[in-house]
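The values are calculated or read from the model by the stated rules, or taken from the named source; none is laboratory data. Since the model is a prediction, treat every value here as computed from it, not as a measurement. Neighbour counts are summed over all protein chains in view; Cβ atoms, including those assigned to glycine, are modelled from backbone coordinates with ideal geometry. In case anyone asks, the SASA skips ligands and DNA or RNA and just uses the protein heavy atoms, side chains included. Shrake-Rupley method; radii C 1.70, N 1.55, O 1.52, S 1.80 Å.
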Amino acid sequence: MKLVHSKAVKTHIISGFLGAGKTTLLQKLLLQKPEDETWAILMNEFGQIGIDQQLLPQGDGFEVKELLGGCLCCITQLPMQIALSRLIQKSQPDRLFIEPTGLGHPAQLLEQLTEPHWRNQIDMRALVTVVDGSRLHDIEWSSQNLYQDQLKAAQIVVVSHTDTMNTEDKHALIQLQSEYLAYVQTWIKAEQGNIQIECIDIPFVGIERKVQPLLQIQKKYASQQVLPEIKQLPYHYVETAQGYTVVGWKFSKRWQFNFYDVLDLLCEQQDWLRIKGIFNTDHGWMTFNFNPEQLNYKSGAENIDNRIEIITKETQDWDSFEAKLLKCRIDQPQH
């Protein structure tokens, strides 16, 4: 479907975990619409009954569209593309807000909307993730992979319910800001969703991400200048943003590591800003959460894979680190 809209529409993705306060934030932002503009909203509900649409303005100057059943990030792209194309074509909006379900992965949606197909129609702005400040102390809630994925995708994090944050929440927020300094550019505390549109009306800046086979495999294929296709674990990845480098590895959950060997290796590292990992060890599943002030490790729940991520500003000998990490593996493959 070819769009007739001649000007790229400023587009905001407002993501966040269930109950974080996305709709409240959206309500307050919509109140700032100039009288002579039209703003459009595309909302996504995981279930088959839409509720949030009824909470938004329905009058002149607003166009609201809902997509039900599944999430924009995971369902086939066709329904989303059709709905978005029709919304832009019909309303010719000056600004567009997209609110995916709280169970969605906004990075996947962002990847879709920054494809060449949309560049002349969508002027993507900084992705916003809303977090509930009053629940930051809840480790079981904040340690979920989906919650972490939404934070990694964010360029701006809006902290809601700041008036009910306790001392633990405030400390957890400081830790969170340190942990995601390579991803999040701006943190905004918002009481009752009250922030100015100018605070989030900044261009989207993507994160450079490179996923490759393990470094030892890359060396093996270096002379051939051809790398095997990444289809499954294990793999190595590097992300670069804001002058920081995030380097990580993921391995099958069936791989088992020697706990003390992994701990010793991590404690030996230097010039890092953050180390996080979770490993299937001979002491059970263990999580590691290192920052320059604290080296924390404890028993954890079974994960979907073994993984480790290091944030640094300096280039290091990652080949050597990977070799030492692989030596920590107990169930070494037979040669």
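A few notes on this one:
- Accessible surface, per residue, of the chain when the full set of protein chains is kept, probe 1.4 Å, Å²: 51
- Gain upon complete extension [Ile139, Lys313; 0.36 nm per residue less C-alpha separation]: 59.9 nm
- Part-to-part distance (alpha-carbon centres) for the stretch 270-314 and the stretch 131-162, which is given in Å: 19
- Beta bridges by DSSP in the chain, antiparallel share as percent, to the nearest 5: 55
- Label selected from [x] 156; [y] 145; [z] 135, the criterion being volume of the Cα convex hull per residue in Å³ as computed here: [x]
- 0 to 90° range, to nearest 10: angle between helix 77-91 axis and the chain longest Cα axis: 30
- Adding -39500 (n - 2.57) for every DSSP H run of four residues or longer, then dividing by how many residues the chain holds, sets the calculated 222 nm ellipticity at -7500 deg cm²/dmol.
- Fraction of accessible area attributable to carbon and sulfur, the chain (%, probe 1.4 Å): 48
- Loop-resident sites, the stretch 267-335, for GluC sites (Glu not before Pro), counting at most 15 other Cβ within 10 Å (DSSP): Glu293, Glu302, Glu314
- For the stretch 151-221, lysine pairs separated by 8 or more sequence positions, or belonging to different chains, with Cα-Cα distances below 19 Å total 5.
- Among the trypsin sites (Lys or Arg not before Pro) within the stretch 119-174, those in coil by DSSP and having at most 13 neighbouring Cβ atoms inside 10 Å are Arg119.
- Kirkwood-based shape ratio for the stretch 271-335, expressed as Rg/Rh from alpha carbons: 0.99
- Most mobile listed residue (Gln177, Gln185, Gln218) in the chain, GNM with C-alpha springs under 10 Å: Gln218
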